[in-house]
Structures are given as structure tokens and as C-alpha cells.
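**Student:** Have a look at the structure that comes next, please.
The values are calculated or read from the model by the stated rules, or taken from the named source; none is laboratory data. For clarity, every value in this text was computed on a predicted model and none was experimentally measured. Cβ sites come from the backbone with ideal geometry, for glycine too, and all protein chains shown count toward neighbours. Accessible surface areas use protein heavy atoms only, side chains included; no ligands, DNA or RNA. Shrake-Rupley method; radii C 1.70, N 1.55, O 1.52, S 1.80 Å.
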Amino acid sequence: MTRMGILRQPPVPDGFTGTRLGVCNLCEAICGLRLTLEDGVVTGVRGNPDDPLSRGYVCPKGVALADVYADPDRLRRPVRRTDDGWVEIGWDEALDLVADRLAATITEHGADAVGLYSGNPNAHSLGFGTHGATFIKALGTRSRFSASSVDQVPQQLAAWQLFGHQLMIPVADIDRTSFLLVVGANPMASNGSLMTVPDFPQRVRDLHARDGRMVVLDPRRTETAKVADEHHFVRPGTDAPVLLAMVRTLLAEGLAAPPAYVDGLERLAELVEPFTPERAEAVSGVPAEVTRRLARELVAADAGAVYGRMGVTTQDFGTLCSWAIDVLNLLSGHFDSPGGVMFPEPAIDLVELQGPGRHGRWHSRVRGIAEYAGELPAAVMAEEMTEPGEGRLRAMVTVAGNPVLSTPDGRALAEALDGLDFMVAIDIYLNETTRHADVVLPPTSALERDQYDLVFHGFAVRNTARWTPAVHARGDDQRHDWEVFAALATRVADRLGTPLDDATAGRLAADPADLVELLLDAGGRTTAAEVLAHPEGVDLGPLRPTMPGRLRTPEQRIDVVPALVVDDLPRLEAWLAGAASAASDGDELLLIGRRHKQDCNSWLHNTTRLTRGRPRHHLLMHPDDLAARGLSDGERVEVRSRVGAVEVEVTGADDMMPGVVSLPHGYGHQVEGTRLGHASTVPGVSINDLTDPARLDVSGNAAFSGTPVTVGALSRP
Ligand SMILES: Nc1nc2c(c(=O)[nH]1)N[C@H]1C(S)=C(S)[C@@H](COP(=O)(O)OP(=O)(O)OC[C@H]3O[C@@H](n4cnc5c(=O)[nH]c(N)nc54)[C@H](O)[C@@H]3O)O[C@H]1N2
Ligand SMILES: Nc1nc2c(c(=O)[nH]1)N[C@H]1C(S)=C(S)[C@@H](COP(=O)(O)OP(=O)(O)OC[C@H]3O[C@@H](n4cnc5c(=O)[nH]c(N)nc54)[C@H](O)[C@@H]3O)O[C@H]1N2
Ligand code: SF4
Ligand SMILES: [Mo]
């Protein structure tokens, strides 16, 4: 303990001119940055060429990181909603007020009456990583929700079932592969997800330079499809039969080459037998011969990997898709070997630090949906607030999120939030969600806090470790997120008359920098001293084979047919039977989402830098579908689903699969009443005013892809 504190480094002095290393926390690529400061102000943001993972890459969003720091819209001090609008209040007053109200709710209605939603930016904050779980546990509520259940829960469920831990998600070893099959992901825009792969464009060029191939299955000819060697349209929501038909092909043709520690292959063969490539073709549009050929090519490649993401997790059969992708990788002969899928070995390994997933310990009150990993689906939040009866949610805490724009039927959620007794948001902006709060507690933002990426080193295509001290000092009138968590947990516990035990209080009082120091030194892959000496990042080398030693399963074997997953096959079978007999409704279109390299989920739409250029919020539709409806490019249309309707401009795009339309998520800004008032803010409409909370994968994850909609001309007066 004698060296405690070496990672606590001073921020730049007032008026500093020079360069300083930083890190971008806006997406999973975790790019290293080189910042130029003049007179204490960041005037330039470039990629750091010395970073062993990001190698100098930076995207337009990274350049906007300094805008967040300087943004006049960003909250620096707590605000309280009053009849006369938002007023700033002091931290003590704010924390006391919030603790009073939360404690009162818990006393009167029980801890589960306080709901908690944590959003995506938490995964990118060290303070949440070190203190978030303790804070949440201290609140004592089982009504926990997060952005995970509108994102990657199916992948985590499959990983837990196959490899024994929800964070053991295999990563495509892109730098050494010769065949990459991308299903429902668009890393050219997203920069990769559950595959930390900064500079994806260069890595694809390198793949091609090695004579490798990339194939994309996607209902839109995306930016990634355009740099691929082959792209096939797949009808939204129909990947499971296609992927299962690939598994079937490997087994039927005797091509499967699973590792010796895999069990259940005979049963697997029985289970996938009904899923022929021909049946898959009938629903998906992917030709049976293509499905067979891709399966064969995966095996025949020197090294090959299948990678799936949002397009296959946020659909009705997200867990079956995720499992089928894992199974393909297990059978391909490339599992856990260079160029196949591999498991990163982060210097701080959350697999060691977190318990394995659990499932079904409790259920949601209204719909009876099972808990997974301690959380309920975000899609049930609104009904848990509005459905009368014992156990109704009375208060909400949101941390770094915007579920009104990011979860299905956001409009209903917005109304439900207004019916709560109390809401507090820990957030740096007033957005479409936090504007419903009674109090907003704004923590420091990226450049004002230390960063070690606890999450994404664990999904990175290369093993590295990097410590990035805060660039700017935290003002005396500001708080880090971990300080807010500590203060709230303590005050709520005191009011309940059950003060925190010493261990919990100690954990909450510890500076994240000191915890990182302890964990790095204990991890044995590097040391705190080494990361301090290498602010560009310590290179721990390419991914290495780690199986079966790292499996968290009983006896370190993989059961390839876990019940929790394969029990969902009859539902797929029933859906397929229905799809075969259903008369197609000529008018119906299937709605999917999209991401753009200058968008960042629901925020940063107020920065001039990122909103320049052509509008990106339009509905995209194939020209034939436009013509069939007598619509023209640029016209305003009404898009209607079971849940709601929006009015938006439509753009003809032959990149769309016929019968499929696309809207990005994260728009629908309600400029009035929030500070998102910059002239550059593009309101757009929210796709989640159309998506349906009734549609869930077996994991509880929202099924966004393939929302049935109709599109028509706006009736003109
Ligand atoms: N239809 C559809 N819906 C989707 C998706 C989709 O593809 N289609 N994508 C889903 C996915 S993958 C995700 S991850 C979710 C994201 O959904 P959410 O996590 O709910 O929303 P974000 O837009 O990421 O929320 C960002 C908010 O966090 C705040 N924030 C930013 N940085 C910080 C910080 O450091 N500290 C704190 N306290 N607050 C901060 C900002 O104010 C911002 O408004 O959306 C999901 N929703
Ligand atoms: N620029 C930018 N980067 C981001 C984000 C951002 O908002 N903007 N968000 C970050 C976050 S939180 C995440 S989770 C990641 C997500 O990273 P990705 O998953 O790579 O991002 P998406 O663009 O949502 O890609 C999903 C793809 O699936 C396709 N798709 C939709 N439905 C189906 C289907 O049924 N089947 C198939 N096969 N494909 C389908 C869509 O057309 C789309 O191309 O991106 C991260 N990076
Ligand atoms: S790809 Fe862009 S947004 Fe993502 S970490 Fe790198 S610079 Fe930031
Ligand atoms: Mo996400």
C-alpha cells in the first residue's frame, strides 16, 4: 500500500499551453487522443499515433469531445425544477433533497418502488465502473433497468450459457482473420461494438491486402457492406433461420470441427435439422446456395470469424441469433485460435471481479418477465410506473441515459415519468428524459476526470492497458459521478436509519485512481507504474488462445445446447410456420434503425461540428416502395405502427432492401423546455415512438428490428 496514489496526477495548470494526451469515451473504440491546449483551452484534437490500439485514429465525434467540455448547454451545478423553470441549487441542498425524497419513498412503499435506469455513457465512465454497483446495491431496489436490454443482453445471455460468464464474449481477431462474416453490424459507422476495433476502415484495408474477405448480411447496403466483398440483403428479424441453416450445413456436410471440450453435438444436430437453407431463404430472402457457401467458406478459410451485433440482438430471436453465431464460431475450426474468435485478456479482468450471470430470481410485476443479471427489461419501465397496484414504481433515478428516446414507446415512458412522485437524474444535460426530473445532479464530463477503461479493454482486438489522467481540474463547485454516488448512498442510508457498513462506506470513499492502481498491480499483466510510464498505452500483444482454461463453466466444458437458449427454438418454429402461411400485407413495411458516424446515440445533436452536412434523420425507403405509394423523394410522410405515428421527410435510397425502411434512433429532440437550444439542434423524430415494448426476445431485450409500419402521404388540408 506504500505506493498508493501514484495514478493521481495533476491536471493541466491554469493557462497551460502545450500538448496533453487524452482519451475519447464516446464509443467503444476508446481512441487515444493528442490534445493541443492554448491558454488552458483545448484547440486541437488529433488521434495519438503512439497508441498501440487506436494507432492514431480519430473520428469526427472524437474531435467534438472538447465541445462537450466547453458546451454552454452542459450542466455544471445541480438544478431543481420549479414553477418558474429550472433553478441552480448548491450540492448539499440538492443531495439532501434527493436523499429525503428517495428515503421517504423507500419507507412508505419499499425499496423496489424506486426504479433505476443506467444508460450507455456509464460504460464509458471509470467512476461508474468503480462505484456504480455499490451505489445501486445501497439503494436496495430490484427495479433496475439499463440500456443493456435495448442492446446486447442476448449476446451476454448466450455467452453466460456457453462460456460461463456474461462478459466472456468472443471477439473476432480481425487483424489476423482471412474471412469475416458480419451479420447485423455496421462498424464503418459505429466503429465496432463488443469488438473494440478503432480504425476499422484501415483494418478492413489490411484484411483485403492479405487477400482476406468480408461478407455482410444486412437489410441495408450499409457503409460496411460497401467496403465488403459481398453483401446480401436479409429481411429484418429472419437471421436466426439463416444462421441455424449454416450450423446445419456444417453438421450435415461433416465440416464441423469443434474443440474437444464441447458437448451436446448430437443433440445440436437434431435441433438444427428442421432449419434447412431453403426454409431460411423463404423468409429471409438469402438464397439457400449462399447460406451453404458461406458456411463452407467459413470453415475452409485459413482463419475465419462470424461477428454479429445490434441487427441480430435487437430482434425477436436475438438470443437464438447470438447463440447460433457462437456455435458457428465453435464449429468452424477457428475457435480460440489466431484469426478466429478469441477472448481478450484485459489487465483488469471484470470476468474475475464480477459474479456470473443469474436469471429468473424475480420477475417484473405487470408482465412477469424474468430478471437477467439483476435487471428487468427497459421495455417494462413505463407499465411498472402506470399500472396501479402494490409494487408500483413511485420514484426514478436515471444515470447517464435518455430512455425517452432510446427505449420502445418512449412517448408512453415520458408520460409515465410525469406521474411519478419523484425523479432525479444524474446527468450532464437536460434531455428528453431528464427534463422530467425534479432534480438533476450533473457530474463532471470526460476531460475533467481520470479514465481507465474497465469495460472495453475486455472486448478489444488487441490486449492493451491505458491510464489517462483528467486534463482539466474539477471545479470546487463540481462533483465526479463517483462522488455523487457515494454522497447519495450515504445520505439515503442515514435517513433510513441503517448507516452503511464500514466496508461499503470504504469502497464508496475510495478514489477510482487508487482502485485502478490496486487492480492493475494485482492483475499481474502490467503494473500501475508501467501504465504511468506509458500514457500512450501499454501494449500487451495480440490476442492469445486461452481455452479451455478460462472457461467459467462446470468442469470447464461447453454445453453447446443450453436449455435456456434452445427452449426458445419451438417459438422460432411456430413463427416460421406462421410466416409461411401468412398472407403478406402488401402495404406493410418493416422498420429498422441506423447509425451514422457523426451521431452518438441521443446526444451531441447540439454541437455545430457534428450537425453540419446533409440531414441524417430522414426515413430511407427503396424507390420502388416510394413509387408504389405515390410518394416522392423529399416529401413529408406519416409513419405509423401499432404504437404510434411520426411525421418525417422520406428519402429514396436503393441501398434499402425493398419492403424495409430505416430511421436512425436518438432523434426526436424536444428543444422547448430544455437547454438543447442551439441553432444547430436538428429535432428529427424518434424511432422509439414507433417501436413496440410488447416485442421482446426471450432474454427480455427489446426487439426493434422489423417493426411493422405503414407509410403514407400526409393528408393535406
Ligand atoms: N430503436 C432503437 N433504439 C435504440 C437503439 C437502436 O439502435 N434502435 N440503440 C440502443 C443502444 S445500443 C443504446 S446503448 C441505447 C442508448 O440509450 P441511453 O443510454 O438511454 O441514451 P444515450 O443517448 O446514450 O444517453 C446519453 C445521455 O447521457 C448523458 N451523459 C453523457 N455523458 C455522461 C456522463 O459522463 N455522465 C453522466 N451522468 N451523463 C452523461 C447525456 O446527457 C446524454 O443525454 O439506445 C438504444 N436504443
Ligand atoms: N457513430 C456512432 N457510433 C456508435 C453509436 C452511435 O450512436 N453512433 N452507438 C454505439 C453503441 S451504443 C452501439 S451498441 C454500437 C452498435 O454498433 P453496430 O451494431 O455496428 O451499429 P448499428 O448501426 O446499429 O448496426 C446494426 C446493423 O444491423 C442492421 N440490421 C437491422 N435489422 C437487422 C436484421 O434483422 N438483421 C440483420 N442482419 N441486420 C439488421 C442495420 O441495418 C445496421 O446496419 O455502436 C456504437 N457506436
Ligand atoms: S471512433 Fe470516434 S467516437 Fe469512437 S472512440 Fe474513436 S474518436 Fe471516439
Ligand atoms: Mo449500445
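**Student:** Among the residues of region 464-476, are any more than 19 Å from R8 (Cα to Cα), at pLDDT 95 or above and open to solvent by less than 60 Å² (accessible area, probe 1.4 Å)?
**Tutor:** Looking through region 464-476, at least one residue is more than 19 Å from R8 (Cα to Cα), at pLDDT 95 or above and open to solvent by less than 60 Å² (accessible area, probe 1.4 Å).
**Student:** Can you give me the number of residues within region 422-445 that are near ligand 1 (Cβ under 8 Å from one of its atoms), farther than 18 Å from R479 by Cβ and open to solvent by 10 Å² or more (accessible area, probe 1.4 Å)?
**Tutor:** 1
**Student:** Considering (1) farther than 25 Å from N122 by Cα; (2) surrounded by 14 or more Cβ atoms within 10 Å (Cβ to Cβ), say which one G44 fails and leave the rest.
**Tutor:** The single condition G44 does not satisfy is (2).
**Student:** For N186, are the conditions met, namely being in contact with a helix residue (DSSP H, G or I) (Cβ under 7 Å, 6 or more places away or on another chain), closer than 17 Å to S705 by Cβ and within 16 Å of ligand 4 (Cβ to nearest atom)?
**Tutor:** It is true that N186 is in contact with a helix residue (DSSP H, G or I) (Cβ under 7 Å, 6 or more places away or on another chain), closer than 17 Å to S705 by Cβ and within 16 Å of ligand 4 (Cβ to nearest atom).
Matching residues to (1) in contact (Cβ under 8 Å) with a residue 40 or more places away in the chain; (2) more than 16 Å from ligand 2 (Cβ to nearest atom):
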position	(1), (2)
T43	no, yes
D51	yes, yes
K61	yes, no
L65	yes, no
Y69	yes, yes
P78	yes, yes
T82	no, yes
G85	no, yes
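**Student:** Looking only at region 189-227, filter to residues that are hydrophobic (A, V, I, L, M, F, W, C) and open to solvent by 20 Å² or more (accessible area, probe 1.4 Å); which one of those is farthest from ligand 4 (Cβ to nearest atom)?
**Tutor:** The residue in question is A209.
**Student:** Here is a further query. Run down P658, P683, P615 and say which single residue is open to solvent by 30 Å² or more (accessible area, probe 1.4 Å), away from ligand 2 (no atom under 15 Å from the Cβ), farther than 22 Å from R411 by Cβ and in a loop (DSSP other than H, G, I, E, B).
**Tutor:** Among P658, P683, P615, only P615 is open to solvent by 30 Å² or more (accessible area, probe 1.4 Å), away from ligand 2 (no atom under 15 Å from the Cβ), farther than 22 Å from R411 by Cβ and in a loop (DSSP other than H, G, I, E, B).
**Student:** Same structure, new question: Among R76, R55, which is the only one that is within 16 Å of ligand 3 (Cβ to nearest atom), out of contact with any helix residue (DSSP H, G or I) (no Cβ under 7 Å at 6 or more places or on another chain) and open to solvent by 50 Å² or more (accessible area, probe 1.4 Å)?
**Tutor:** Checking each option against the conditions leaves just R55.
**Student:** Can I ask one more? Can you tell me which residue within region 102-124, out of those that are of a type in the set (A, V, I, L, M, F, W, C) and more than 16 Å from ligand 3 (Cβ to nearest atom), is surrounded by the most Cβ atoms within 10 Å (Cβ to Cβ)?
**Tutor:** V114
**Student:** Could you list, in sequence order, all residues of region 622-650 that are of a type in the set (A, V, I, L, M), farther than 26 Å from D409 by Cβ and open to solvent by 30 Å² or more (accessible area, probe 1.4 Å)?
**Tutor:** A627, A628
**Student:** Another one. For region 157-167, indicate whether the set of residues that are aliphatic (A, V, I, L, M), open to solvent by 10 Å² or more (accessible area, probe 1.4 Å) and touching a Leu at 6+ places or on another chain (Cβ under 6 Å) is non-empty.
**Tutor:** The answer is yes; a qualifying residue exists.
**Student:** Something else: Among the residues of region 406-421, are any touching a residue at least 40 places away in the same chain (Cβ under 8 Å), of a type in the set (S, T, Y), open to solvent by 10 Å² or more (accessible area, probe 1.4 Å) and under 30 Å from A513 (Cα atoms)?
**Tutor:** No; the residues of region 406-421 include none that is touching a residue at least 40 places away in the same chain (Cβ under 8 Å), of a type in the set (S, T, Y), open to solvent by 10 Å² or more (accessible area, probe 1.4 Å) and under 30 Å from A513 (Cα atoms).
**Student:** Same structure again: Any idea how many residues of region 552-606 are of a type outside the set (A, V, I, L, M), open to solvent by less than 10 Å² (accessible area, probe 1.4 Å) and within 15 Å of ligand 1 (Cβ to nearest atom)?
**Tutor:** Residues flagged as of a type outside the set (A, V, I, L, M), open to solvent by less than 10 Å² (accessible area, probe 1.4 Å) and within 15 Å of ligand 1 (Cβ to nearest atom) within region 552-606 amount to 3.
**Student:** Additional query: So, of the residues in region 387-397 that are closer than 11 Å to L420 by Cβ and not small (G, A, S), which turns out to be nearest to ligand 3 (Cβ to nearest atom)?
**Tutor:** V397
**Student:** Further question on the same structure: So if I check each of Q202, Q155, Q161, which one is of a type in the set (S, T, N, Q), within 16 Å of ligand 1 (Cβ to nearest atom) and either more than 28 Å from P408 (Cα to Cα) or within 21 Å of the chain's Cα centre (by Cα) (or both)?
**Tutor:** Answer to the check: Q155.
**Student:** Can you list the helices (runs of 4 or more DSSP H) found entirely within region 231-328 that contain at least 2 residues being open to solvent by 40 Å² or more (accessible area, probe 1.4 Å)?
**Tutor:** 239-252, 265-272, 277-284, 288-300
**Student:** Name, by its number, the condition in (1) open to solvent by 30 Å² or more (accessible area, probe 1.4 Å); (2) modelled with pLDDT under 95; (3) of a type outside the set (S, T, N, Q); (4) in contact with a strand residue (DSSP E or B) (Cβ under 9 Å, 6 or more places away or on another chain) that does not hold for R609.
**Tutor:** R609 satisfies every listed condition except (4).
**Student:** Do you know which of the residues in region 41-80 that are within 16 Å of ligand 1 (Cβ to nearest atom) and basic (K, R) is farthest from the chain's Cα centre (by Cα)?
**Tutor:** R77
**Student:** Taking region 579-606 on its own, how many of its residues are over 24 Å from the mean Cα position of the chain (by Cα) and either at pLDDT 90 or above or in a strand (DSSP E or B) (or both)?
**Tutor:** Number of matching residues: 3.
**Student:** To continue, here is another question. Can you tell me which condition L631 does not meet? The list is (1) in a loop (DSSP other than H, G, I, E, B); (2) free of Cβ contacts under 8 Å to residues at least 24 places away in the same chain; (3) away from ligand 2 (no atom under 16 Å from the Cβ); (4) on the phi < 0 side of the Ramachandran plot, and all the others hold.
**Tutor:** (2)
**Student:** Run W482 past the list (1) surrounded by fewer than 18 Cβ atoms within 10 Å (Cβ to Cβ); (2) touching a His at 6+ places or on another chain (Cβ under 6 Å) and report the number of the one that doesn't hold.
**Tutor:** The single condition W482 does not satisfy is (1).
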